[in-house]
Amino acid sequence: MSTVFTYQEIAEHNSPKDTWIIIDDKVYDVSKFLDEHPGGDEIIFDQAGRDATEYFVDIGHSDDALKLLKSKCIGSVDVTSEKVIFKPREEEKTEGNQGNGQLAIIVAILCFIIGYYFLNE
Ligand code: HEM
């Protein structure tokens, strides 16, 4: 019997050296394949720890791709386990820019203080 993983367990394998994806309720370890993927590593890595069925099927991968995929199967999903709610990728990508917003507020406050100081000279 193959190993069964919960959605949470799968979601934890989301780093470039440790990338699992779900396709049709099966779990695939594609860590070593990222660099070799003809469609590029980022496109798969974007789905790391997630269900990539829709993305994989939409591309219309060849039979060779399907064979290759099979060789990377490490188990299946416990579909009764609690699903992981992921933030949309866009939100994750913009999170790093939040610091810039805070900086803008600090600069605005400083300008206000300096302006106020000169006006009252
Ligand atoms: C997140 C899931 C995936 C996406 C969105 C994706 C996307 C793509 C894209 C866009 C191409 C076309 C590259 C080109 O012709 O310029 C491609 C090709 C290919 N991909 Fe993926 N891929 C995914 C996962 C996988 C996985 C898991 C495997 C196998 C383990 C795989 C195997 C291949 C192969 C062999 C090709 C060459 C064309 C073919 O034989 O169909 N891909 N993929």
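The values are calculated or read from the model by the stated rules, or taken from the named source; none is laboratory data. Since the model is a prediction, treat every value here as computed from it, not as a measurement. Neighbour counts run over all protein chains shown; Cβ positions are idealised from the backbone, glycine included.
The table below gives the values:
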read-out	value
Residue list for region 7-34, restricted to those being within 9 Å of the ligand (Cβ to nearest atom) and either surrounded by fewer than 16 Cβ atoms within 10 Å (Cβ to Cβ) or in a strand (DSSP E or B) (or both)	21, 23, 28
Failed criterion for residue 69 (all others in (1) of a type outside the set (Asp, Glu); (2) within 10 Å of the ligand (Cβ to nearest atom); (3) out of contact with any strand residue (DSSP E or B) (no Cβ under 8 Å at 6 or more places or on another chain) hold)	(3)
Residue under evaluation residue 86, criteria (1) at pLDDT 95 or above; (2) within 16 Å of the ligand (Cβ to nearest atom); (3) among the aromatic types (Phe, Trp, Tyr), criterion not met	(1)
Selected residue (criterion: surrounded by the most Cβ atoms within 10 Å (Cβ to Cβ)) from residues of region 35-47 that are within 9 Å of the ligand (Cβ to nearest atom) and either within 23 Å of residue 5 (Cβ to Cβ) or of a type in the set (Lys, Arg) (or both)	47
